[in-house]
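*Asks:* Mind having a look at this structure? Questions to follow.
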Number of protein chains: 2
Amino acid sequence: MRATVLVRPKEGILDPQGDAVGSSLRQLGFAVDEARVGRVVDLEVEGSDPAEAREQIERMCRHLLANPLIESYEISLEGHE
Amino acid sequence: MRATVLVRPKEGILDPQGDAVGSSLRQLGFAVDEARVGRVVDLEVEGSDPAEAREQIERMCRHLLANPLIESYEISLEGHE
């Protein structure tokens, strides 16, 4: 089963990479007020039960994919929005 | 206008970060066949015309946000899917 996880810096958390992207875009002439940069992780997980897969991926997020102190995550399962 | 850009390594392109994530997940006991890692960029852009905003963001992708040789990108505008 394919899944996509979006990991983003939480609101209020400093994001130097996003700041750098935003200022570079403005230097190039683009009208950008803010940019925030996170990670997208595409996973191919075993099993066919969407509830179980989501629960596994929640655990992956808490243990490895995200730092829950400073990052939020959003899980979507292909075909099971 | 808020927009989200997903930048991913193209199919067939080596992704050492994804390989590392996949093997770490397997070491932790998760049943993961593959992991690919890219970036998510959330943008707040000026203007209210969705077609124009999308065109601007396409240009940002080609010039700064993605390396079109090895990365693909996907743009979504909030409220204009």
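The values are calculated or read from the model by the stated rules, or taken from the named source; none is laboratory data. Just so you know, these numbers come straight off a predicted model, no measurement behind them. Every residue, glycine among them, receives a Cβ derived from its backbone with ideal geometry; neighbour counts consider all protein chains shown.
*Asks:* Filtering the range B:1-31 down to residues that are under 20 Å from A:Ala20 (Cα atoms) and among the basic types (Lys, Arg), which residue is nearest to the other protein chains (Cβ to nearest Cβ)?
*Replies:* Applying the filter and picking the extreme gives B:Arg8.
*Asks:* Scanning the range A:63-81 for residues that are outside any strand (DSSP E or B) and surrounded by 17 or more Cβ atoms within 10 Å (Cβ to Cβ), which turns out nearest to the other protein chains (Cβ to nearest Cβ)?
*Replies:* By that ranking, first place goes to A:Leu65.
*Asks:* Can you pull out every residue in the range A:17-70 that is in contact with a Lys or Arg (Cβ under 7 Å, 6 or more places away or on another chain) and either of a type in the set (Val, Ile, Thr) or closer than 17 Å to B:Leu64 by Cβ (or both)?
*Replies:* A:Gly18, A:Val32, A:Arg36, A:Val37, A:Gly38, A:Val40, A:Ile70
*Asks:* Something else now. Do we find a residue being touching a Leu at 6+ places or on another chain (Cβ under 6 Å), in contact (Cβ under 8 Å) with a residue 24 or more places away in the chain and under 16 Å from B:Glu74 (Cβ atoms) anywhere in the range B:24-41?
*Replies:* Yes, the range B:24-41 has at least one match.
*Asks:* OK, next. Looking only at the range B:32-62, filter to residues that are at the interface with chain A (Cβ under 7 Å from one of its Cβ atoms), more than 20 Å from B:Gln17 (Cα to Cα) and modelled with pLDDT of 95 or more; which one of those is surrounded by the most Cβ atoms within 10 Å (Cβ to Cβ)?
*Replies:* So, considering only residues that are at the interface with chain A (Cβ under 7 Å from one of its Cβ atoms), more than 20 Å from B:Gln17 (Cα to Cα) and modelled with pLDDT of 95 or more, the one surrounded by the most Cβ atoms within 10 Å (Cβ to Cβ) is B:Leu43.
*Asks:* Residues B:Ser24, B:Ser76, B:Ser48: which one is of a type in the set (Ser, Thr, Tyr) and over 22 Å from A:Ala3 (Cβ atoms)?
*Replies:* Sole residue among the options that is of a type in the set (Ser, Thr, Tyr) and over 22 Å from A:Ala3 (Cβ atoms): B:Ser48.
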